[in-house]
């Protein structure tokens with residue numbers, strides 16, 4: 001009898017050991033604060049849905065900051081471990097001389113993800129903006145600066161030929177436009193398409209197609225967090241890389257299905273349309289690596305907007321080692 005009990009206990013212990021080897025016993029919580037909630041970030045949402053972060057031993061808590069300035073505040077205050085926003089926020093802090101400044105470790109998107117929405121349909125020319133008011137977002141934010149950059153590139157000088165309204169908070173821009181303010185508005189998806197489907201505006205053009213490649217949205221964390229949690233940062237970047245690879249290999253409908261849980265109030269056919277738009281403009285980075293020339297183009301955009309006095313050292317702002325390691329897999 002004793003031998004049978006000992007045998008059973010031995011088998012139970014063996015099974016338990018094999019089970020433990022096949023999964024992670026614990027996961028590390030990462031507080032991620034995103035600048036806004038948009039299908040533009042589909043690679044990240046796909047990574048969440050498909051379990052890529054879980055595979056890396058991470059439990060991601062996602063919150064919406066509602067603007068790059070608010071995301072940066074959360075990271076600097078220790079209320080978020082990782083921020084997802086435009087790298088311009090990191091440039092501003094670095095230029096202020098902060099010792100424990102945020103460092104970019106992975107890039108998610110490679111061009112502006114907003115679309116210009118107007119009140120009338122038909123063939124669009126940028127010169128149509130002359131004499132109009134465009135709701136452009138927070139002054140000094142990448143969406144607003146990129147909009148102004150594209151306007152100038154097309155012969156429309158902000159403040160001279162057209163008014164760019166920077167008084168409306170990022171999350172309130174669609175409501176301000178549908179409420180009667182402005183002639184045009186720059187909106188992310190799925191908001192732009194939803195405004196169009198409601199008959200309150202028309203998607204006219206992609207701002208990102210006009211601006212060219214820039215590191216539009218990236219993940220960053222404070223130097224101290226990265227130094228104290230290198231394995232977490234590597235695991236996080238690995239999951240992001242898997243998400244980026246996945247969206248490159250799947251259809252717009254499959255992407256829509258993967259992100260649907262993030263947008264419960266948006267129909268699947270709308271999400272598919274939006275995902276197709278982002279695929280069409282080549283919005284997503286193939287890997288998390290940030291290119292120096294792309295950052296320099298962003299700095300040109302910032303200089304053109306009068307928001308950058310001097311450029312930053314790429315090596316101080318960006319640490320590509322985690323992204324490069326993730327690409328090896």
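Within segment 123-177, the residues that satisfy the criterion of being out of contact with any strand residue (DSSP E or B) (no Cβ under 6 Å at 6 or more places or on another chain) and without any contact (Cβ under 8 Å) to a residue 24 or more places away in the chain are 123, 125, 128, 157, 159, 160, 167, 172, 175.
Filtering segment 110-157 to residues that are buried (at least 21 other Cβ atoms within 10 Å of the Cβ) and in a strand (DSSP E or B) leaves 115, 116, 117, 118, 134, 135. Of all residues being in contact (Cβ under 8 Å) with a residue 40 or more places away in the chain, surrounded by fewer than 23 Cβ atoms within 10 Å (Cβ to Cβ) and not in a helix (DSSP H, G or I) in segment 251-289, which is farthest from the chain's Cα centre (by Cα)? Just the residue, please. Within segment 251-289, the match that is farthest from the chain's Cα centre (by Cα) is 266.
Criterion first (within 23 Å of residue 269 (Cα to Cα) and without any contact (Cβ under 8 Å) to a residue 40 or more places away in the chain) does residue 199 satisfy it? So residue 199 passes the test.
Considering the conditions (1) at pLDDT below 95; (2) within 22 Å of residue 263 (Cα to Cα); (3) touching a strand residue (DSSP E or B) at 6+ places or on another chain (Cβ under 6 Å), residue 215 is excluded by exactly one of them, (2). Of these, 19, 26, which one is modelled with pLDDT under 90, assigned to a helix (DSSP H, G or I) and farther than 30 Å from residue 303 by Cα? None of the others qualify; the one that does is 19.
The values are calculated or read from the model by the stated rules, or taken from the named source; none is laboratory data. The structure displayed is predicted, hence computed values, not measured ones. Reconstructed Cβ throughout: ideal geometry from the backbone, glycine too, with neighbour counts over all protein chains shown.
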